[in-house]
Every structure is written in structure tokens, then in C-alpha cells.
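*Asks:* Can you keep this structure in mind? I'll have questions shortly.
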Amino acid sequence: EAAVTQSPRNKVAVTGGKVTLSCNQTNNHNNMYWYRQDTGHGLRLIHYSYGAGSTEKGDIPDGYKASRPSQENFSLILELATPSQTSVYFCASGGRDRDTQYFGPGTRLLVL
Amino acid sequence: QQKVQQSPESLIVPEGGMASLNCTSSDRNVDYFWWYRQHSGKSPKMLMSIFSNGEKEEGRFTVHLNKASLHTSLHIRDSQPSDSALYLCAASGSSGSWQLIFGSGTQLTVMP
């Protein structure tokens, strides 16, 4: 099965601080995704990427930036963290188009 | 309003019983559906996918799709306590955008 890792697994940040969430996949998948999961909302797409150097806005991109420096790595950046960004963040990767998405273990972010 | 609606929000079935979960899309461009399962504290894992009218069976799990009504259902027979999890339905479109839209999920509890 595809291997996707995330770091950190847990993070406590202060309001106004900068937070970087990292994701790594070792399956040479082209597509990578960042989601957040909140009770009652399922998974919501923040940013995604089709390959190194590309980033695209998802459904809820406000307050987030993304970076895809290589095929393997995809980061999510919160420049000015707010309490409303407290959530569980999942990274996923997939081959192409309608290929199955494989999810990382998630990062719990608490913004105080 | 969410484009992918799941029902019921929660479901309790006895061990050995049948669990039936529903999912409908309000987006007429959708033509591919996935079911993901997420155990508590874990990441979502793809269970089954379907894009053709009719049904698809894998072991104890059966998925139905009615493309005219954009309705899919997941049926779990001989339910086991290990099936207790959040079941997420996801859909993607046919217009070239392969991004998944997730419903808010059905929380299934199988009572021993």
C-alpha cells in the first residue's frame, strides 16, 4: 500500500504564529492533496498539486499556502495561524485522475 | 449546502446484522463514487469505488449506484464490531476536475 507520512503528528501553535505541516510520499504519485477534517464537515480540500512546482487552490484555501518543491514533498503553510484553523489535517497522494487517494496519519493542530 | 449528502448521520446495528448507508450528490457533473472507511483516530482508507450503474460486491460489502439519481449505497452484511467506523462517501466529476468532494460521513457502531 502507498506510504504517506506527515510531520508533526501533533502541534500546538499560538495565534498569529507561523505553522508548517509537512507531507512525504514514497510512491512517485503525481497528485498530492491537503484536507482538513472537522466534526460535521467530513474532509474539505484546502490545496492540491499535480506535480513538483505546481499548487492549486481547493475548496477552502483562505489562510493557507502550499508548496510542492519535489515529487515526494508537499507542505501546508499557515502564515498567521488563527483558532479557527484548529483541526485535523490530512495529506493524501494519488497516481493520476481517478486513482485511489492514500492518506497519511494526520496532524492534530491546536491554535491557542 | 454540501454537494454530497450522507444518511443516516449515525447508525447502530447488532453484530451479524445488515448495515445500509446512503449517499447522494447534488452535482450533476459527478459520475464516480468512492466509499472510504475511517476508524477512530486513524486515517481514511478506500473501501470500494463504483462508476457504472448497478452493483459491485467484495466480500461482505456491496455497493449500488444509480447514476440517474446520483445515489449510491453501501451495504455491509454480517456486520462485525471491527466494522465500527466513520464511513465517508466521496464523488468526483466528469468535467476534467478529478478532485474528490466528501460527505460528512455516517458513524456506524456494531454492537456485540
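Residue-wise test of (1) more than 23 Å from A:E56 (Cβ to Cβ); (2) out of contact with any Pro (no Cβ under 7 Å at 6 or more places or on another chain); (3) within 14 Å of chain A (Cβ to nearest Cβ).
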| residue | (1), (2), (3) |
| --- | --- |
| B:I12 | yes, yes, no |
| B:G17 | yes, yes, no |
| B:Y36 | no, no, yes |
| B:N53 | yes, yes, no |
| B:T62 | yes, yes, no |
| B:F102 | no, yes, yes |
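*Asks:* Here is a follow-up. Looking only at residues in segment A:49-75 that are open to solvent by 30 Å² or more (accessible area, probe 1.4 Å) and within 11 Å of another protein chain (Cβ to nearest Cβ), which one is farthest from A:N31 (Cα to Cα)?
*Replies:* A:D59
*Asks:* Among the listed residues A:R9, A:R96, identify the single one that is surrounded by fewer than 16 Cβ atoms within 10 Å (Cβ to Cβ) and at pLDDT below 95. Reasoning before the result, please.
*Replies:* On the way: A:R9 fails: at pLDDT below 95.
So the residue among A:R9, A:R96 that is surrounded by fewer than 16 Cβ atoms within 10 Å (Cβ to Cβ) and at pLDDT below 95 is A:R96.
*Asks:* Turning to a different aspect of this structure: Could you check A:H29 against (1) in a strand (DSSP E or B); (2) buried (at least 18 other Cβ atoms within 10 Å of the Cβ) and say which number it fails?
*Replies:* (1)
*Asks:* Here is a further query. Can you list the strands (runs of 3 or more DSSP E) lying wholly within segment B:13-78 that have 2 or more residues being touching a residue at least 24 places away in the same chain (Cβ under 8 Å)?
*Replies:* On the way: elements: B:19-25, B:30-38, B:45-50, B:54-58, B:61-66, B:71-76.
Answer list for segment B:13-78: B:19-25, B:30-38, B:45-50, B:61-66, B:71-76.
*Asks:* Yes or no: segment A:35-48 includes at least one residue that is among the hydroxyl-bearing types (S, T, Y), in contact (Cβ under 8 Å) with a residue 24 or more places away in the chain and either within 16 Å of B:Q99 (Cβ to Cβ) or not in a strand (DSSP E or B) (or both). Steps first, please.
*Replies:* The first filter runs over segment A:35-48 and keeps only residues among the hydroxyl-bearing types (S, T, Y), leaving A:35, A:39, A:48.
Restricting the remaining residues to those that are in contact (Cβ under 8 Å) with a residue 24 or more places away in the chain gives A:35.
Narrowing the set further to residues that are either within 16 Å of B:Q99 (Cβ to Cβ) or not in a strand (DSSP E or B) (or both) leaves A:35.
Checked against the condition, which is being among the hydroxyl-bearing types (S, T, Y), in contact (Cβ under 8 Å) with a residue 24 or more places away in the chain and either within 16 Å of B:Q99 (Cβ to Cβ) or not in a strand (DSSP E or B) (or both), segment A:35-48 yields at least one hit.
*Asks:* Let me ask another. Let me confirm something: among B:S49, B:S73, which residue is in contact with a strand residue (DSSP E or B) (Cβ under 9 Å, 6 or more places away or on another chain), over 22 Å from A:G40 (Cβ atoms) and open to solvent by less than 50 Å² (accessible area, probe 1.4 Å)?
*Replies:* Details: B:S73 fails: over 22 Å from A:G40 (Cβ atoms).
Every option except B:S49 fails the conditions.
The values are calculated or read from the model by the stated rules, or taken from the named source; none is laboratory data. For clarity, every value in this text was computed on a predicted model and none was experimentally measured. All Cβ positions, glycine included, derive from the backbone under ideal geometry; neighbour counts span all protein chains shown. Accessible surface is based on the protein model in full, side chains and every heavy atom, while ligands, DNA and RNA are left aside. Shrake-Rupley method; radii C 1.70, N 1.55, O 1.52, S 1.80 Å.
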